[in-house]
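Coordinate-derived values only; no laboratory data. The shown structure was predicted, so the numbers you read here are calculated from the model rather than taken from an experiment. Ideal geometry is used to build each Cβ from the backbone, glycine not excepted, and the neighbour counts take in all protein chains shown.
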C-alpha cells in the first residue's frame, strides 16, 4: 500500500515497465494525455493490461474511463503518448493495419450499438461477413451459436428495436465475440440494467474469460460488477490513476476516495 | 477575426476536406459493391415515384403556362417542343435536384446522425470496417449514379404531363405530341444538362453525410443535421447550377442561342 496517489502512480508505472519487459502485456497505455477543448480528460496515464484475465477500470462518472477504452481500440487518438495492443502501436496506425489490429479485438458498447437496419442475427454475422471467407450457411450457423451462447437463439431474425435493454446488451456481446477476439473491451456492462440482468451479463463475461482465455477489459462504476469481473482493478480520478491492485488490496487503500468507492453498493 | 467567423471558416474547410476525401476514395479499393447497390436502390429507385409524380405535375403546369404565352402569337404547335427543351435543359435537372435534396438529403442526414449518436458508426469502426468508406463513399456513388437517371425520369414524366394537358385542351394524339416534342431537342440539350446532375448528386450526398457524420447533441442534433442537410444542399445546388450553366454555355456555345 502506498502513502500517496502520486507515489503509487509512480510505483505503478515502474512496475508496469518491469512487467512489460518480463511478459508482453495485452494492452499498454504509455504516458497518454487527452484534451477535449480546454479540459484534460486523461493526464499522463501509463499502465498495462496483462494478457488473459479480467482488468477493470473504474472511477466516478467523467473521470476518463470510457475515453481510456476508446483509445485502446483506436476510436480516439492521444494528444500525446502512445497506446499499444500487443506489440502494435494502435495510436499510430490507420487504414488496413489498424483494421488488422481491430480484428483481434471485440468492443461491447454501453448502448450495445447494434446496427438497427439489420436483424440481430445479421448484426452478429456482420464481422464474419466482412472479415472471413466462410460461406453464408456457415456464417449463419456460427452467428446462431454465438446468439445461443448469450441466450438469444430464438431472436436471430428479430430487429434490434424489438429487444429489451438486457437483450440488446447480450446481442452486442454476441457480436463483439463474433470473431473470437483475443481482447474484449466492455464499456459499462451494467449501465441501464436491473441488478439481476446486470449479474447475468457479468456471468456471461466471466464464462467467456474462463473458457476463451481472452483478455477482458471492463469499464464500470458498479463495484459489484467490478468485483465479479476484475482480477485487477485500476481507479481513475480526474484523468489520473489513483490506485491499482486486486479488489482486496484496494479495499485497504489509504486513499479515502478509493475506499469509499470499494465499499459502495452502487447497482449501476 | 471574430470567433464566429473563424468557426464558420473552420467548418467550411472541414467540409471541403470531407468532400475531397470522398472524391478520392471513390476511385480506390476496396469497393463496397454490395452496399453501393443497396444505396442505389434505397436512394435512387425508391425516389422514382416522387420524381415521376412531380414530373407529371410540373409538365402539366408548364404546358398550361406555355400555352397561355404562345397562344398570343398563334404558335400553339410549338408548345410540345418548347416544353421539352425547357424540361430537358433546366426545369427537369433543377427540379429533380431540389426534390432529391429534400428526400435524399434529409434521409442521409438523419440516418447517419442517428448512427453517430447511438454509437453505430463507432461500432462499425470497432468492427474493423472503414465507416467513411462504408457509409459515405457508397452514398456518394449511389447519388452520382441515381441523379442523372432520376432526372431523365423527370424529363419524360414532365413530357407526359405536358401531353395530358395538351390532350385535354386540344385532343392532340400521343404520337403527334411526342414527334413535335422531340423535333427541336438536340443531344447537346440533353447530355450536358443531365450530366450536371451528377454534381448535384455529389453535393447532396457529401453535404448530408458530412452533417450526419458530425452530429452532436443527441436526438436534437439529428434533427438539426437533417434540416441543415436539406437547406445547405438546396442552396449549394442552386448556386452551383448558375456556374454549371455558364460552363455548359462556354463548352457548347450552340446551347446558348444568339
Q: In a Gaussian network model over chain A where Cα atoms closer than 10 Å are linked, find which of A:236, A:108, A:163 has the largest mean-square fluctuation.
A: A:163
Q.
Using only alpha-carbon positions, what ratio does the radius of gyration of region A:69-202 give when scaled by 2.2 N^0.38 Å?
A. 1.09
**Q.** Translational diffusion coefficient (Stokes-Einstein; Kirkwood radius from C-alpha pairs) of region B:72-197 at 4 °C, 1.567 mPa s, in µm²/s
**A.** 76 µm²/s
Q) In whole angstrom, how long is each semi-axis of the equivalent ellipsoid of region B:139-258, when you take the square root of 5 times every eigenvalue of its Cα gyration tensor and sort them from largest down? A) 35, 20, 11
Q.
On C-alpha positions alone, give me the angle between the axis of helix A:165-176 and the longest principal axis of chain A, in degrees, nearest 10.
A. 90 degrees
Q) Given N residues in chain A, what is Rg(Cα) / (2.2 N^0.38 Å)? A) 1.00
Q | For the protein assembly as shown, calculated [θ]222 nm from helices alone, where every DSSP H run of n ≥ 4 adds -39500 (n - 2.57) | A | -19000 deg cm²/dmol
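When 1/r is averaged over all different Cα pairs and the result inverted, which Kirkwood radius in Å belongs to region B:1-72? Numbers along the way, then the final one.
Numbers: mean 1/r = 0.0586 Å⁻¹.
So the Kirkwood estimate lands at 17.1 Å.
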**Q.** Gaussian network model of chain B, springs between alpha carbon atoms under 10 Å - residue of B:101, B:226, B:183 with greatest fluctuation
**A.** B:183
Q: For region B:105-153, state what percent of all Cα-Cα pairs lands in each successive 5 Å bin, counting from 0 Å until the bin that includes the largest distance.
A: 5, 19, 22, 23, 13, 9, 5, 3, 0
Q: Set the Förster radius R0 to 30 Å, insert the Cβ-Cβ distance between residue A:206 and residue A:158 as r into 1/(1 + (r/R0)^6), and round the FRET efficiency to 0.05.
A: 0.70
Q: Working from Cα positions, state the angle (0 to 90°, nearest 10) between the long axis of helix B:187-213 and the longest principal axis of chain B.
A: 30 degrees
Q: Would you order A:120, B:242, B:144 from fewest to most other beta-carbon atoms within 10 Å of each residue's own beta-carbon?
A: B:242, B:144, A:120
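With N denoting the number of residues in chain B, provide Rg(C-alpha) divided by 2.2 N^0.38 Å, to two decimal places.
On the way: Rg = 20.8 Å, N = 258, 2.2 N^0.38 = 18.1 Å.
Ratio of Rg to 2.2 N^0.38 Å for chain B: 1.15.
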**Q.** Isotropically averaged projected area of region B:59-122, using the convex hull of Cα atoms (one quarter of hull area), nm²
**A.** 5.4 nm²
Q. Can you give the angle from 0 to 90° between the axis of helix B:92-117 and the longest principal axis of chain B, with both taken from C-alpha atoms, to the nearest 10?
A. 20 degrees
**Q.** region A:186-260 - Debye-derived log10 I(q)/I(0), Cα point model, q = 0.12, 0.14, 0.15 Å⁻¹
**A.** -0.35, -0.47, -0.54
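Let's test the formula: R0 of 30 Å, r as the Cβ-Cβ distance of residue B:68 and residue B:174. What FRET efficiency results, to the nearest 0.05?
Values: r = 23 Å, r/R0 = 0.75.
Once rounded, the FRET efficiency stands at 0.85.
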**Q.** Virtual spin-label span in nm between residue A:238 and residue B:227, 7 Å along Cα→Cβ
**A.** 4.0 nm
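Fewest first, what order do B:177, B:134 take by the number of other Cβ atoms within 10 Å? Each step should come with its number before you reach the end.
On the way: B:177 24, B:134 19.
Ranked by crowding around the Cβ, least crowded first: B:134, B:177.
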Q.
Let me understand region A:223-268 better: what is its radius of gyration from the alpha carbons, and its Dmax, in angstrom?
A. 9.9, 25
(Q) Need the full-extension length gain, residue B:78 to residue B:246, defined as separation in residues times 0.36 nm minus the C-alpha distance. One decimal, nm. (A) 57.9 nm
(Q) For a bin width of 20 Å, list the pair-distance distribution of the protein assembly as shown built from all Cα-Cα distances, rounded to whole %. (A) 20, 42, 25, 11, 2, 0
